[in-house]
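One structure below.
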Amino acid sequence: MRLSVKHLLGIKDLTKEDIELIFQTADNFKAVLSRPIKKVPTLRDTTIVNLFYENSTRTRISFELAEKRLGADTINFATSSSSVSKGEGLIDTVNNILSMKVDMVVMRHSASGAPHFLANHIQVPIINAGDGTNEHPTQALLDAYSIREKCQTLKGKKVAIIGDIMHSRVALSNIFCLQKLGAEVLVVGPPTLIPKHIESLGVQVTYDVREALQWCDVANVLRIQLERQNKPLFSSLREYALFYGVNKKLLDSLQKEIIIMHPGPINRGVEIDSDVADGPHSIILNQVENGVAIRMAVLYLLAGKTSAE
């Protein structure tokens with residue numbers, strides 16, 4: 001089986017069958033990652049460039065590790081020390097890289113739609129590692145995969161996405177992915193951080209964290225993205241933590257168990273307290289581990305492979 005798409009630009013473009021194929025392939029790679037020798041030579045003749053126009057540590061390292069586990073040759077392109085900072089355009093940069101016979105591009109960019117623009121101009125597969133406030137498809141895939149691992153299925157599960165929905169590409173990709181797999185989604189946060197008309201995506205909306213937690217089986221807590229906010233959208237981080245932070249006292253008062261997730265990096269004491277992030281119901285470290293397997297699966301399938309070895 002193959003994916004129905006040449007590029008992974010967003011969850012919006014994937015079918016449910018595509019997502020299931022990625023999960024099945026990731027299952028095989030998780031088995032590989034548990035071996036003493038955690039490498040397979042499946043992409044040994046493949047060169048992949050990690051083209052990050054925006055700072056990232058977790059996502060870039062996860063992709064780089066996935067590429068190396070598959071035996072690929074990797075090139076890390078840091079824009080701050082490159083010709084981009086001297087005014088070179090996106091197409092010129094990528095054409096120069098492709099002239100070096102690169103087979104695949106992993107791209108993060110601050111502009112929404114940048115990977116789509118690139119996909120219209122070059123022939124090799126593009127993987128979107130996050131574009132502006134649009135999508136972050138591999139994060140949504142690893143989040144859904146982590147829920148499936150814990151709950152066996154996503155069908156009928158209730159997932160609350162808490163926090164800065166307005167500026168989060170993780171939120172949008174998660175909404176698309178969870179709904180395609182049969183989950184119900186509710187978003188919660190301050191009114192200033194909830195996009196207008198988000199109900200049109202088929203999600204429920206509340207501004208009450210307790211109500212959301214009482215409703216859900218899984219809580220995916222998002223980081224407050226101050227760097228994307230052009231003006232203050234709430235009075236202070238302390239006030240945000242008071243009204244929208246997820247803490248142990250709040251969870252204990254619900255008298256039910258909820259799976260806790262966070263895409264990272266965590267602002268401890270703001271959107272989530274340490275005793276929740278590190279608590280027994282948190283699967284945050286599972287998400288990090290699953291991220292490598294999911295990205296191995298995506299790279300493998302987009303390279304034209306049909307089954308994991």
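Read-outs throughout are calculated quantities, based only on the coordinates presented, and are distinct from any laboratory measurement. All of these numbers come straight from a predicted model, not from anything done at the bench. Cβ placement follows ideal geometry from the backbone for every residue including glycine, while neighbour counts extend to all protein chains displayed.
Quick one: plug the Kirkwood hydrodynamic radius of the chain (C-alpha pairs) into Stokes-Einstein at 4 °C, 1.567 mPa s, and report D in µm²/s. Let's see the in-between values first.
Values: Rh = 19.9 Å.
Translational diffusion coefficient: 65 µm²/s.
Run the quick spin-label model on Ile91 and Asp27: label points 7 Å from Cα toward the beta carbon, then report their separation in nm to one decimal. Once both label points are built, they end up 4.4 nm from each other.
Report the gain in length on full extension from Val5 to Gln214: 0.36 nm times residue separation, minus Cα-Cα distance, nm rounded to one decimal. Working shown, then result.
Working: separation 209, 0.36 × 209 = 75.24 nm, distance 3.80 nm.
Between Val5 and Gln214, full extension yields an extra 71.4 nm.
As I understand it, the value is the acute angle between the Cα axis of helix 58-69 and the longest principal axis of the Cα atoms of the chain; what does it come to in degrees, rounded to 10? Roughly 40 degrees, rounded to the nearest 10.
Along the Cα-to-C-beta direction of Arg58, a point sits 7 Å from the Cα; which residues of segment 290-305 have their amide N less than 13 Å from that point? Label zone hits: 290-292.
Stretching Ser112 away from Lys256 to a fully extended chain increases their span by 48.0 nm, per 0.36 nm per residue minus the current alpha-carbon distance.
Over the chain, what is the mean sequence separation of C-alpha contacts under 8 Å (at least six apart), divided by residue count, expressed as relative contact order in percent? Display every interim value, and only then the final one.
Working: 567 pairs, mean separation 65.1, N = 309.
Computed value for the chain: 21 percent relative contact order.
Using helices alone, what [θ] at 222 nm do you get for the chain, with -39,500 (n - 2.57) per DSSP H run of 4 or more residues, divided over all residues and rounded to the nearest 500? If you can, show how the numbers build up before the last one.
Values: 11 runs with 115 residues, N = 309.
Result for the chain, helices only: -11000 deg cm²/dmol.
In this rough spin-label picture, where each label sits 7 Å from Cα along the Cβ direction, the Phe243-Lys196 distance is 2.0 nm. If you take the Cα centroid of segment 173-217 and the Cα centroid of segment 108-169, the two points sit 16 Å apart. What angle do you read, to the nearest 10 degrees and between 0 and 90, between the alpha-carbon axis of helix 169-180 and the longest principal axis of the chain? Once rounded, one gets 90 degrees.
Between helix 284-302 and the chain there is an angle of about 30 degrees, using the helix long axis and the longest principal axis of the Cα atoms. The residues neighbouring His121, those whose beta-carbon lies less than 14 Å from its own, together hold a net charge of 0 under the Lys/Arg +1, Asp/Glu -1 convention. The convex hull around the C-alpha trace of segment 14-136, projected and averaged over every direction, spans 8.3 square nanometres.
Within straight-line reach of Lys101, meaning a Cα separation under 29 Å, sit the following lysines at least 8 residues removed in sequence or on another chain: Lys6, Lys38, Lys39, Lys68, Lys86, Lys305.
Could you list, in their original order, any pairs among Lys158/Lys196; Lys157/Lys249; Lys16/Lys155 whose Cα atoms are separated by more than 19 Å? Intermediate results must be reported in sequence, preceding the final value.
On the way: Lys158/Lys196 22 Å; Lys157/Lys249 24 Å; Lys16/Lys155 12 Å.
Exceeds cut-off: Lys158/Lys196; Lys157/Lys249.
Placing a pseudo-label 7 Å from each Cα along the Cα-to-Cβ vector at Asn76 and Gln204 gives an inter-label distance of 4.3 nm. About the centre of its Cα atoms, the chain shows a dipole size close to 340 debye [charges on the beta carbon of Lys, Arg (+1) and Asp, Glu (-1) only; nearest 20 debye]. Both radii were evaluated on the Cα set of segment 137-284; the Rg over Rh quotient, with Rh as the Kirkwood radius, amounts to 0.92.
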